[in-house]
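The values are calculated or read from the model by the stated rules, or taken from the named source; none is laboratory data. No experiment lies behind these values; they were computed from the predicted model shown. Because the Cβ atoms are built from the backbone with ideal geometry, glycine has one as well, and the counts that use them run over all protein chains shown. Heads up: the accessible areas ignore ligands, DNA and RNA and are worked out on the full protein's heavy atoms, side chains in. Shrake-Rupley method; radii C 1.70, N 1.55, O 1.52, S 1.80 Å.
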Amino acid sequence: MLTTRKCNMIFFRFTFLVLALNFLTVYNRPAGVHLRNMESFIQAVQQVEDSNPGLSPLALARALRRTAGHDDLMTVHFLGASHNLSDTEGLEGSILNATSFSFFDKAIHHIVTDHGEERGVVLAPDGTTVALAPLLLGIESGLKAKMEGTEAVGIFPLSLGRTLGLSLLSLQDIPPSMRLGPNGCWDNVEQPKVFKLSRPATLATDAVINGGMDGVILGNHLSKLPATEQPQALSEILRGYYNFTLTEKQGIDAVTSYISPKRRQLSRQLLESLDLHAEVMTTLTLVWKLEKTEWIALDSGLGNAVQDGLKTFMHRYLDCPQIIPRCQWGAKASRDTPIPLSLPLRFLYVHHTYEPSRPCLSFSSCSRNMRSMQRFHQEDRGWNDIGYSFVVGSDGYIYEGRGWSHVGRHTRGHNALGYGVSIIGNYTATLPSRHAMDLLRNHLALCAVNGGGLTGNYTIQGHRQVVNYTACPGDALFSEIRSWEHFRE
């Protein structure tokens with residue numbers, strides 16, 4: 001039986017569609033809406049802003065929620081029903097012309113098809129994939145708290161807590177490591193249209209968690225703006241976080257603003273201040289009360305399942321650095337069957353690439369360097385694949401080479417004994433960015449230990465220590481790693 005609320009929602013969506021058809025011949029298509037990248041979404045948002053001078057970012061965030069029909073009970077509990085909020089009135093013409101209606105609805109509404117295609121996600125300029133719904137809910141929650149001068153209580157539950165908790169509970173019969181994720185790959189990073197997951201989806205895919213983290217970061221930031229400071233337009237909020245330019249003079253070490261490559265670092269700072277287990281349990285209790293979800297049994301078994309799952313979440317998404325997968329940077333297949341490693345390993349060998357000699361500062365630049373190195377290793381040296389296990393960029397990310405499980409071709413005579421990790425650049429006379437070195441020293445290594453890839457008492461060595469004919473990883477970087485905790489002469 002249809003409730004009054006459901007009838008209202010059907011009525012509003014039907015009315016919007018009629019309005020959209022009426023405007024079909026009036027409005028042009030937003031630039032690049034056929035591409036599923038963040039810039040296309042931002043451009044479409046900016047078109048709405050340009051058509052409505054003085055439109056507040058809160059009103060626009062609410063209107064986008066209204067367009068996508070995201071008025072579930074929990075969202076309404078924290079944010080109110082979008083169709084009852086007066087500041088969204090009058091936006092139908094600008095948002096809901098036929099093409100825009102379809103674009104925003106499809107762009108924001110998150111689903112995974114039977115064929116493993118994840119929709120409602122976009123490719124960010126940094127090479128990561130972000131679900132828009134949790135991102136926008138976090139932003140709206142923060143803006144609401146800022147404008148009303150209230151506590152921002154809905155940011156974590158709406159952006160991350162609900163999906164994280166339900167994902168950990170919905171698959172209790174499988175190991176915690178399989179209750180979250182997975183990641184996936186785009187059909188074309190230059191013109192992304194289809195994003196396919198690497199295995200069957202959970203409720204909390206990597207893109208949903210990325211969007212949730214970004215929603216928590218930006219929502220908290222907006223909620224804490226000084227009383228005298230007005231928030232930027234929504235398009236500027238998004239552009240400032242996702243579209244940025246790093247230079248060798250102004251690298252990631254010098255950036256003090258919130259930018260997407262710092263997602264995990266910033267999320268850890270915010271989430272460590274919370275009792276994460278208590279927050280998720282409180283969120284699940286609210287879900288049960290609002291939605292009368294019978295299968296959620298509020299007992300110790302549920303608490304234990306959440307606790308175990310949160311350990312996996314902390315390890316995978318906060319302790320470990322974000323690793324750009326091979327398919328994302330455009331790797332060619334290995335020319336032979338990869339040889340499995342016998343884990344855990346005892347060594348981590350540090351390299352510099354020497355060529356490319358300059359640090360890479362963007363996803364496009366680092367990906368180009370990865371393809372160039374793989375081509376050199378396969379075609380000039382005759383190896384099966386790129387030699388390194390992992391490669392560190394100066395864009396804030398690590399790039400997958402041979403990965404955690406397969407023997408590399410990086411340290412002659414020692415390839416099966418340790419991981420070979422190289423930092424892009426020539427570090428004979430200068431050091432990599434502090435951020436790049438921290439990714440290797442404190443995050444990749446910790447991730448390997450906690451994930452069973454390295455022994456707890458592993459040894460760090462420079463390439464030159466075990467291969468006589470090389471100066472790798474460069475005098476400056478070698479001098480630096482000699483001060484690291486696990487370094488051995």
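Between G462 and V350, the built amide H atoms are under 5 Å apart, and every one of these is 5 or more places off in sequence or on another chain. Computed extension gain for D187 through T430, at 0.36 nm per residue and net of the alpha carbon distance, reaches 83.7 nm. Measuring how big the range 38-319 is from its alpha-carbon positions, Rg and Dmax come out at 18.4, 57 Å. Applying the Karplus relation 6.51 cos²θ - 1.76 cosθ + 1.60 with θ = phi - 60° to the range 219-235 yields 3J(HN,Hα) values of x, 5, 4, 5, 5, 9, 4, x, 4, 7, 9, 8, x, 5, 4, 4, 4 Hz, where x marks Gly and Pro. What distance in nm separates the two pseudo spin-label positions at D475 and R335, each 7 Å out from Cα along the beta-carbon direction? About 3.6 nm separates the two model spin labels. Among D253, D114, the order of accessible area from largest down is D114, D253, computed with a 1.4 Å probe on protein heavy atoms. The charge dipole of the chain, taken about its Cα centre with unit charges on the Cβ atoms of Lys, Arg (+1), Asp and Glu (-1) only, comes to about 900 debye.
In this structure E400 has an accessible area near 50 Å², from a 1.4 Å probe over the protein heavy atoms. The Cα-based radius of gyration and maximum Cα-Cα distance (Dmax) for the range 345-482 are 13.6, 37 Å. Compute the label zone of E236 within the range 47-67: residues whose backbone N is under 16 Å from the point 7 Å along Cα-to-Cβ. Under cut-off, by backbone N: 47-61.
Straight-line reach from K289: taking Cα to Cα under 21 Å and skipping same-chain neighbours fewer than 8 places apart, the lysines in range are K6. With helices as the sole contributors, the chain gives -12000 deg cm²/dmol at 222 nm; each DSSP H run of n ≥ 4 counts as -39500 (n - 2.57), and the sum is divided by every residue.
Put the Cα centre of the range 219-297 next to the Cα centre of the range 374-395 and the gap is 35 Å. Each label was represented as a point 7 Å from its Cα along the Cα-to-Cβ direction; for N468 and H277 these points are 5.6 nm apart. Rounded to the nearest 0.05, the FRET efficiency derived from the C-beta distance between S51 and L417 at R0 = 51 Å is 0.25. If the viscosity is 1.306 mPa s and the temperature 10 °C, what translational diffusion coefficient in µm²/s does Stokes-Einstein give for the chain when Rh comes from Kirkwood over Cα pairs? Value of D from the Cα-based Kirkwood radius: 66 µm²/s. Would you please give the FRET efficiency between R482 and K292, computed as 1/(1 + (r/R0)^6) with r the Cβ-Cβ distance and R0 = 56 Å, to the nearest 0.05? Working from the Cβ atoms, E equals 0.35. Inter-label distance, D380 to A254: 3.1 nm, where each label sits 7 Å from its Cα along the C-beta direction. Apply 1/(1 + (r/R0)^6) to the Cβ-Cβ distance of K311 and V153, taking R0 = 25 Å, and write down the FRET efficiency to the nearest 0.05. The formula returns an efficiency of 0.45 here.
Split the chain at each of the chymotrypsin sites (Phe, Trp or Tyr not before Pro) in a DSSP loop with at most 14 other beta carbon atoms within 10 Å, and the longest piece is 1-294.
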